[in-house]
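Down below is the structure, laid out as structure tokens.
A short reminder: the numbers here are calculations on the coordinates, not readings from a lab. Computed from a prediction, not measured in an experiment: that's the story for all the values here. Ideal geometry is used to build each Cβ from the backbone, glycine not excepted, and the neighbour counts take in all protein chains shown.
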Amino acid sequence: MVVLILALAIPLWVSTVRDRALGWKVAGVLLGLLLAEAAVAAHWVFPGARVTLLVLLALASAATLAIGVRSNAARPARRRRRGDGRRGVAGVVLCWAYCVVVTLGALGVAGPYGFNGLPPATPDASEMLPLPSGLTVTADMNDGCSGGATELCVREIDVAGTDGQDQAAVISQLEALAVARGWPSGSSCRTVGVMLDRHSECVQVGLTRGVLSVQLQDSSGW
């Protein structure tokens, strides 16, 4: 949806441009921003900064169109090729309306995301899987999300060691795995993502209802 909205900037610009050289320059920048937006929206690049980049690219698209419209209006009349009369006025009005709507929409997203961070989602099991040799997964459960002052989403992975393996040894292996995956310890939290995408990921290794497990938690202020 975001990509489709930003794609409107190109036909709007074409409807008002008076100078071919300026037209190609601005259209090229708008197309580049559109392709970047599509790549970010599809999670192809920078997944840890997705919302932040979508907002910044939307603002950049609106700013590029606004600069283009102002530069276009300053072009000498002898170089005008399109956009005269009612058609030109309507095109300019639509361009400015587009810039205002996109800017307000981007800022409207940035506000709550900047305050609360990225809405939480149930962590992916790949955060701790695969397990070290000798350990097996006996259950992988999505415990869902719960509200409150802080929204919290939980995944529980139950683990078993080899027959006769000491429980403390299994916990030590899991704690070492958590550290290897980027957590400070086997029972700790870390902040991931940047700016509007920040949220907290936690890991808890130990016994849950008498079962050896790893709990993965994702939370934010939503």
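A few notes on this one:
- Helix axis angle, 20-41 relative to the chain longest principal axis, alpha carbon, degrees: 20
- 3J(HN,Hα) from dihedral phi, the stretch 2-16, Karplus parametrisation 6.51/-1.76/1.60, rounded to Hz, x for glycine, proline: 4, 5, 5, 5, 5, 5, 5, 4, 5, x, 5, 5, 4, 6, 10
- Here the stretch 2-116 is treated with +1 on each Lys and Arg Cβ and -1 on each Asp and Glu Cβ, and its dipole about the Cα centre works out to around 780 debye.
- Ranking of W183, W96 by count of other Cβ atoms within 10 Å, fewest first: W96, W183
- For I5, I171, I157, order by how many other beta-carbon atoms lie within 10 Å, fewest first: I5, I171, I157
- For the chain, the longest principal axis of the alpha carbon atoms and the long axis of helix 167-180 meet at an angle near 20°.
- Using the empirical formula 2.2 N^0.38 Å as the baseline, the Cα radius of gyration of the chain reaches a ratio of 1.49.
- Of interest is the spacing of the C-alpha centroids, which for the stretch 86-119 and the stretch 152-209 amounts to 41 Å.
- For M128, residues with placed amide H under 5 Å, excluding near neighbours: none
- In this Cβ point-charge picture (+1 for Lys and Arg, -1 for Asp and Glu), the chain has a dipole of about 2660 debye about its Cα centre.
- Amide H within-cut-off set for D143, under 5 Å, with H built and near neighbours excluded: V154, R155, E156
- Whole-Hz couplings from phi, Karplus 6.51/-1.76/1.60, listed for the stretch 118-133; x for Gly and Pro: 6, x, x, 9, 4, x, 7, 4, 5, 4, 10, 9, x, 7, x, 4
- Folded to 0 to 90 degrees: helix 50-73 orientation relative to the chain principal axis, Cα: 10
- In the chain, helical runs assigned H by DSSP with n ≥ 4 each contribute -39500 (n - 2.57); averaged across all residues and rounded to the nearest 500, the mean residue ellipticity at 222 nm is -16000 deg cm²/dmol.
- Farthest positive-ward along the chain dipole, Cα basis, beta-carbon charges - from A73, V93, A160: A73
- The calculated FRET efficiency for the pair M195 and V100, based on their C-beta separation and a Förster distance of 30 Å, comes to about 0.80.
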